[in-house]
1. I'm checking my understanding of the structure. Among residues of region 664-681 that are out of contact with any strand residue (DSSP E or B) (no Cβ under 9 Å at 6 or more places or on another chain) and modelled with pLDDT of 90 or more, which one is farthest from residue 496 (Cα to Cα)?
2. Would it be correct to say that residue 242 is assigned to a loop (DSSP other than H, G, I, E, B) and either at pLDDT 95 or above or closer than 18 Å to residue 215 by Cβ (or both)?
3. Would region 131-143 turn up any residue that is at pLDDT 90 or above and part of a loop (DSSP other than H, G, I, E, B)?
4. I'd like the full set of residues that are without any contact (Cβ under 8 Å) to a residue 60 or more places away in the chain and either under 17 Å from residue 444 (Cα atoms) or assigned to a strand (DSSP E or B) (or both), limited to region 336-362.
5. Restrict the check to region 95-103 and report whether at least one residue is assigned to a loop (DSSP other than H, G, I, E, B) and under 18 Å from residue 54 (Cβ atoms).
6. Do we have any residue at all in region 643-661 that's at positive phi and crowded, with 23+ Cβ neighbours inside 10 Å?
7. Among the numbered criteria (1) surrounded by fewer than 17 Cβ atoms within 10 Å (Cβ to Cβ); (2) modelled with pLDDT under 95, which one does residue 235 miss?
8. Taking only pairs six or more apart or across chains, which ones have beta-carbon atoms under 6 Å, a first residue in region 68-92 that is in the same structural domain as residue 122 (by TED's automatic domain parsing), and a second residue that is assigned to a helix (DSSP H, G or I) and surrounded by 12 or more Cβ atoms within 10 Å (Cβ to Cβ)?
């Protein structure tokens, strides 16, 4: 690949000047680097975007001969651009889904010819493998556009491919928190309508120079998930590339950019979101691709390699990217059809892989249900062209071993390449089967993935080393890498073996003790049943006993827990019993399990004793209900301990002895990231000892991933004491708000109401976390809420939320942005209590009090003045969170309002303009409005706006934004001539207009904060 950045300068040490580097200087550095591979263009209006797109779109399609018959724009109908806009849904932005944004860009468009008798198929982007550089690359900075409401937004840097904007880069100056840039992106998506073509941005880049991240575009209702999908780019050895210029050199070089868009972005059908690959996934695929595409000569045998990627780091998605890229490569570079076979070691993993791959791309998989079907496809690979063949490795082995298959097919593959991508390859390393398959396909390309390679330490007599079977490891991403990148969470173990239960020597009594332990602690460690758990046991016989015990105990204790069980019916046989009797018992009990399952989840379904269970369908149903957290506890023997991924699973109860790779695989079921409520995976071991756990994590480089609850008791106790202190503090706050919560609901301001919601949210969060510690004891807290008190608090909080919605409804009637959905508006309102733009409670209270007194009838002037002079601000929940606004300045503003109004009344009385005992409300209202207009008149001239209306519009808009985002909104509204005029008024002391731009933005922001406090404008 041609990289115009390959000869970049050596990295220079960071200097003090770099640390103080402004956003503008940083932006110019980025542009200078990007100009090495991108043409710089100027975009200052929506019209510029459209004209540039038209020109580049036509030029790209002609030069790349996308359609052999298309040579000129004149060949298209006059309204071709309207057709294209309709295809892209640019006139129907409300219904433009992220799915459209993903697929429309990639599938091209059919446009009518000039006489509308035929169509031309044209493309937006050349995504063909190794032709990524055959696109037109452009860059623009300070892109100034208007949205549907006429509001102007300025974007720092935009990258265009064939005239279409695909990447937005948002910068902040060095030293500023990168989250500010992230909030700006959120603000753009939440509160503005992108210029239509800008809806098609594929991903975003944010940076403050020293820290750089990227993340994919999403639907507006998925904006809050952005934070989970912000990634840092890295080198082959997983060293992070944090500086923006090296990031541009590697990640945003022109060819790499289109490669990322074409090969490493997918649309997840189930989650309805675009997913972008992380650095370790891209690096691994590139390493394996480089090995797989080495030209083979007639004498050369198999090509083999593997990657070691930690369990939980996204191997399934990595495998999909690999298979898809291999398809594209062989399609473009060979004259024959090359089959891509993804092999797993068991049928349950087979089903899960098919489900996952299908969620990445519909119809991408050819599911293999029988050996005969696999044989037919390998015999005629054209029938599955463009699909990934997913099968168990055992079906391939059967074809190789049995003559009825191999005599008819294997001769075809003596000189024909075929690709086998082998998942969790440590399961298929007995050597014999692998050797047979390799010999049968001498031109076979074997690429393997594993999270737990077989080394000398964990090698058994039947297993061979991973390096022996698959060659040198092409890329490594260990548990420690994944933990440091926050791709996974740590797991902590609770070892509950014989030392905890010395008197329980009888097996049945021991199992009863374990069941009691699980049920006693389940709610505590499942975070109030927000998460679910696996319970893995040694044999099917054990599973049957545990299932019946759990079922009886749950019924007797009247617990609200849903349990299920699943196993492969003939996977284990107890040799001490008659095999047929064991099979009969297993099959009979499997039917019982299935019937119980249907009674819970399909109560209307008719269940009979002779029901024929579709095991595959049942397994899929169980897996989905585990992912949806509808099953609380699932009992298994071996199933679900490998390859099953669920963010809602946070605990594993293990009455099973595991070592090395089997231990890591099982433990790793619990360490998928979810949200802040899931801090750890919880492992409860009733057999496996501490040494086995430590040895396993040490072997697979999982330092710091495993926490032994007993071994690190001091550390955990210290953490518990910190949380205990926080819990006591929040309990005190809850007690404080509970004492007068009904009065607050009846009379409180929005600030007070939102404060209650915030305290309640903190309370539930801290409570759920502290209750997961063994040291937790409710008796340690003298004011902990009883269940009845907590229920009463929840009822009050629900009332508070209703009141908040009422206030928000009033606010919505004043906003001009009617297009925002009620759900989004409520979300913004709930999250905005800490913004200095939101009005301080004390000011609201004073304005309301004056208004209430002014509306009283029959007051004399002296009585009225006496009442308003006695207004005193309340102390509860007072103040603002804006540190720049002192309580003294607030009081002065409040006192000034009262004194100015009294002065006005005195003046009117002296002039004989007041009658005795009249209502003062109209006078107050008119005076307040006049005072506002007077101040706006003065400020719009001071800030050099061309009309007072624009300043008013900004004040109205401020209710829609958090502080940091609103500052960006202000800056986007500042026109160059306005800043120039302001600089002239200031005497042009500084040559650089950027200084005046920043000064003017800050002054406008401070004025709006003060203005809104004075006049209670967000009521």
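The values are calculated or read from the model by the stated rules, or taken from the named source; none is laboratory data. Everything numeric in this text was worked out from a predicted model, so none of it was measured. Using ideal geometry, Cβ is built from the backbone for each residue, glycine included, and neighbour counts are taken over all protein chains shown.
1. The qualifying residue farthest from residue 496 (Cα to Cα) is 665.
2. Working: assigned to a loop (DSSP other than H, G, I, E, B): yes; either at pLDDT 95 or above or closer than 18 Å to residue 215 by Cβ (or both): yes.
Yes; evaluated as a whole, the condition is true for this residue.
3. Applying the first criterion (at pLDDT 90 or above) to region 131-143 yields 135-143.
Pick out the ones that are also part of a loop (DSSP other than H, G, I, E, B) and you get 135-136.
Yes, some residue in region 131-143 is at pLDDT 90 or above and part of a loop (DSSP other than H, G, I, E, B).
4. Across region 336-362, the qualifying residue is only 337.
5. Residues of region 95-103 assigned to a loop (DSSP other than H, G, I, E, B): 96-97.
Restricting the remaining residues to those that are under 18 Å from residue 54 (Cβ atoms) gives none.
No, region 95-103 contains no residue that is assigned to a loop (DSSP other than H, G, I, E, B) and under 18 Å from residue 54 (Cβ atoms).
6. Of the residues in region 643-661, the ones at positive phi are 643, 660.
Okay, now just the ones that are also crowded, with 23+ Cβ neighbours inside 10 Å, so 643.
Yes, because at least one residue in region 643-661 is at positive phi and crowded, with 23+ Cβ neighbours inside 10 Å.
7. Only one criterion in (1) surrounded by fewer than 17 Cβ atoms within 10 Å (Cβ to Cβ); (2) modelled with pLDDT under 95 is unmet by residue 235, namely (2).
8. 73/58; 88/104; 89/100; 90/196; 91/85
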